[in-house]
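Before we start, here is the structure in question, set down as structure tokens.
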């Protein structure tokens, strides 16, 4: 879980990422830290919605997809 949060925090530190996207990533971090199936699903939903934002830099979009995959793996471990 720490790896996921570390990648998400790197997005927060990236000033090339628009503020609204960083805000949603911060919200998703809060959901991931709770670490139950419901909140992980909510984090995935937030990040999936973000991945369609036209203002997102491509390198960030790739990071978001990677994070979603990692969260889905964690969610399967909890089930």
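By counting other Cβ atoms within 10 Å of each Cβ, how are 54, 17, 37, 32 ranked from fewest to most?
With the sparsest Cβ surroundings first, the list reads 54, 37, 17, 32.
Could you state the angle between the C-alpha long axis of helix 58-78 and the longest principal axis of the C-alpha atoms of the chain, as a value from 0 to 90 degrees rounded to the nearest 10?
Orientation of helix 58-78: about 10 degrees from the principal axis.
Of the labelled options [x] 4.3; [y] 5.7; [z] 6.5, which one gives mean projected area of the Cα convex hull in nm² as computed for this structure?
[x]
Can you give me the angle between helix 19-34 and the longest principal axis of the chain, using Cα atoms only, in degrees from 0 to 90, rounded to the nearest 10?
The helix 19-34 is inclined about 10 degrees to the chain.
Oh, and also: Quick check: residue separation of residue 26 and residue 38 times 0.36 nm, minus the Cα distance between them. What number comes out in nm?
2.6 nm
By counting other Cβ atoms within 10 Å of each Cβ, how are 58, 26, 73, 42 ranked from fewest to most?
Fewest-to-most ranking of 58, 26, 73, 42: 58, 73, 26, 42.
So, one more: At 222 nm, what value in deg cm²/dmol follows for the chain if DSSP H runs of at least 4 each add -39500 (n - 2.57) and the sum is divided by all its residues, to the nearest 500?
-26500 deg cm²/dmol
Provide 61, 15 in ascending order of the number of other Cβ atoms located within 10 Å of each residue's Cβ, fewest first.
If I rank by nearby Cβ atoms, fewest first, I get 15, 61.
May I ask you to derive the relative contact order of the chain, considering only C-alpha pairs under 8 Å and at least 6 residues apart, and to give it as an integer percent?
Result for the chain is 35 percent.
Sticking with this structure for a sec: Roughly what angle does helix 37-50 make with the longest principal axis of the chain, taking Cα atoms, 0 to 90 degrees, to the nearest 10?
20 degrees
Read-outs throughout are calculated quantities, based only on the coordinates presented, and are distinct from any laboratory measurement. A quick note: this is a predicted structure, and the numbers were derived from the prediction, not measured. With ideal geometry, Cβ positions are generated from the backbone for all residues, glycine too; neighbour counts draw on all protein chains shown.
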